Each structure stands twice: as C-alpha cells, then as structure tokens.
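Take a look at the structure below.
Throughout, read-outs are computed from the coordinates displayed, never taken from laboratory work. Predicted model, so just to flag it, every value in this text is computed and none were measured. Here Cβ is always computed from backbone atoms with ideal geometry, including for glycine, and neighbour counts include all displayed protein chains.
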Amino acid sequence: MRRTLRTAAATALLVTLGACSLSEDESGVAKGLAQPLGEVDLVVSHAVATCVAETWVGAIGTRPFVDDRLANKRLAVRRGAVRRALAGRLPVSRTTAEGYADGVLDCVDFDELSLERADDRPKPSAEQLDEYADCHREIDDDLWRTGLAATMMGDASSELDRARTACEQELR
C-alpha cells in the first residue's frame, strides 16, 4: 500500500511538472487525449491518462496529431479517431505512435495495474497479482515500445500480445 501511495504521489508530480512545460495549445491537446486514453487497458486512472497524454504531446508537439487526423486544425482532439488509432484501426505515423509508446512506458505503473485486477472474478490472490505485475515489468522496454507503436501504425505486434497473454495467465 505504501508503494502505491508513493507511486500515486510520483505520478501526480509528473503530471504537474509535465503540465508546466506544455504550451497552451499542447495542454489543450493533452487534455483532449486524456479521456480516450483512460479507456485503454494499461491506463488505470485519470492521473495516468493525463500523464501519458502530456508526455506524448510534450514529446512530439501538436503537428503530428493534426497530420494523423487525431486533431483538427484548431487542435480539437477527435476522440473517436484517437480510440481507433489506439486500437490499431486508424494507422498513424511512426512519430505519433512512438510518442504514445514512450508516454505509456513513462507513466504506467504495473503495480497499480495489477491492483486494478484485484476485483476480477475469480478473485486473484495477492501472490498472483504480484506475479502479474512482475511479468509485465519483465517485458523488455523495446518490445513494449515496438509493440505499442506497431499497433498504432496498424501492424499488430503478436510478440507483445503473446507476452501480455502470458502475464494474464498469472491471474488464473
């Protein structure tokens, strides 16, 4: 529990610091991205969605979102398009895809992710939840980055999917 509180505090600090470094336009795009990001299975809270969004926009700016039709020229985020891109049904540029992957790697806490699974039926044990979190942490960052980016570019990564499926087995 103590670690979870520290993680939440660190995430809040990252979100706050990230928001300070974004321009007004970038902050607007990040705010628009947070809601559809909150629907991704790796993103377990609004704070994490905000962190991913701000990290993503901070890394690539606003132009790629317009070029990839995830935002219009007035920088209003097209949430449906973002949802389709996150699911791999609307291919985006490598820049946009890799920016998203970096945001996930910087912001997602696998301990927090495993705690979200604590309410699953049948209820996993504390040991299973720890193994689940450890399994996700053991997936190489390059595999995460490549797999997440490939999905957004319309090329699903079976290798990352296989690794994540193996982690799901820890909950059974």
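Some observations on this one:
- Distance (nanometres) between label positions extended 7 Å along Cα→Cβ at HIS46 and ARG89: 2.6
- Hydrodynamic radius by Kirkwood, which averages 1/r over all alpha carbon pairs of segment 112-169, in angstrom: 12.2
- Segment GLN169-GLU39, extension gain: residue separation times 0.36 nm, minus the distance between their alpha carbons: 44.6 nm
- Ranking GLY147, VAL82, GLY103 by how far each Cα lies toward the positive end of the dipole of segment 52-172 (charges on Cβ) leaves VAL82 at the top.
- Burial ranking of peptide ranges 125-137, 93-105 (average Cβ count within 10 Å, highest at the top): 93-105, 125-137
- Screening the chain for DSSP H helices whose Cα atoms reach 24 Å or more along their own axis and whose mean Kyte hydropathy is at least -1.0 gives 2-21.
- For the chain, the equivalent ellipsoid derived from the alpha-carbon gyration tensor has semi-axes of 28, 19, 13 Å in decreasing order.
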